[in-house]
1. Given contacts defined as C-alpha pairs under 8 Å and at least six residues apart, what's the relative contact order of the chain, whole-number percent?
2. Only Cα pairs within less than 10 Å get springs; with that Gaussian network setup on the chain, which residue of 191, 23, 268 has the largest fluctuation?
3. List, in order, the whole-Hz ³J(HN,Hα) value for each residue of the range 122-133 obtained from phi through the Karplus relation with A = 6.51, B = -1.76, C = 1.60 and θ = phi - 60°; use x for Gly and Pro.
4. What is the range 136-293 by shape, rounded, prolate or oblate, if you read a ≥ b ≥ c off the alpha carbon gyration tensor as root eigenvalues and call it rounded for a/c under 1.5, prolate for a/b larger than b/c, and oblate otherwise?
5. When only Cα pairs under 8 Å and 6 or more residues apart are kept, what is the percent relative contact order across the range 139-204?
6. Using +1 on the beta carbon of Lys and Arg, -1 on that of Asp and Glu, and nothing else charged, what's the dipole of the chain about the Cα centre, debye to 20?
7. Amide H of residue 178: which non-local residues (sequence gap of 5 or more, or other chain) have their own amide H closer than 5 Å, using H built in the peptide plane?
8. With springs only between Cα atoms under 10 Å apart, run a GNM on the chain and tell me which of 171, 226, 267 wobbles the most.
Amino acid sequence: MKSRTTSSLTIDAFDARAVDIDTVELDQLYTLSIGVGWPHRPEDWQFLRDTGHGIVVHDEIGRVLGSAMWFPHGADFATVGMVITSPRLQALGTAQWLMKRVLSAARGRNLRLNATHAARKLYLSLGFRRERTVFQRQAEVQRFGEMPRLPEGVELRELDRKDLPAIAELDAQAFGASRLDLLAALLEQSTGFGLSRHGRLEAFALCRPFGRGHVVGPVVASNDEDAIVVAAPHVEAHEGRFLRVDTHLADGEFCAFLARSGLAFFDTVTTMSLGGEFRDPNECSGKQPVTYALASQALG
């Protein structure tokens, strides 16, 4: 059950109050994210509220000034995201205050987040360590060309809810923590494709509405060839439309496939962690599944 948070702090010359994120209007959260150039729609905010916990800070007249969220996965892991304040308030310590509240609420868990350039210094001061760069690739998909040929002995098919246990098992191997509840929620609003060998799921890719169009992720596979096979139907389906993929991979065949599809490099953030192990997809052995594309920057 989600807790209700209420406390106050003084920012500059006025008092502000922190409350549970579920108690404010979606339009206020949308205004907050648009104000810093983030693409989240009200529907995206609602999905995050349904799958995580968070707090917001608002002033005396109810204007939302900042937010921070955390998303538990199992008993000992969580991702942190949607940490938003205006630059002026960040300089006054509001983001640090929000993060300390999140760290207290998630005490005892290993944490992972994706930091913007402006926020890295804050997270370093709180004990997070740098892991890898996330490359945000997005654009209107160009002419797709031909679908990749299936490797011998491979079946590609659309996924549904009965595939959830196999999806969650594969994702846990790649991500390092079980995300069963999150993946169940993602499947409700995603189209998914899975690659199987001898009846066993070995790669999958989900795609759902997000921001300016759609986002492909998570994508989990043990090699570039399989990752391309499960991602390609999503890219083909969005030819001429806006599509986004967030990946830790800087090069290789998967990245070349995205580039050929017109998904240009747009921006970077930095994955950071506090405790726990981060599995780097750039060290893919071809045997162990890794995360080729994130579900989102907030969810990892």
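FYI, it's all coordinate maths here, none of it is from the lab. Bear in mind the structure is a predicted one, so any value in this text is a computation, not a measurement. Note that we place each Cβ from the backbone using ideal geometry, even for glycine, and neighbour counts take in every protein chain shown.
1. Numbers: 616 pairs, mean separation 62.8, N = 300.
About 21 percent, as a whole number.
2. Highest fluctuation of the listed residues: 23.
3. Values per residue, Gly and Pro as x: 4, 5, 4, 5, 9, x, 6, 10, 5, 10, 9, 7 Hz.
4. Details: a/c = 1.30, a/b = 1.11, b/c = 1.17.
Rounded is the answer for the range 136-293, as its axis ratio a/c remains below 1.5.
5. Numbers: 61 pairs, mean separation 24.7, N = 66.
Reported relative contact order: 37 percent.
6. Numbers: 33 positive and 37 negative charges, 163 e Å.
Roughly 780 debye for the chain.
7. Sorted by chain and number, the residues that satisfy this come to none at all.
8. Ranking 171, 226, 267 by mean-square fluctuation puts 267 first.
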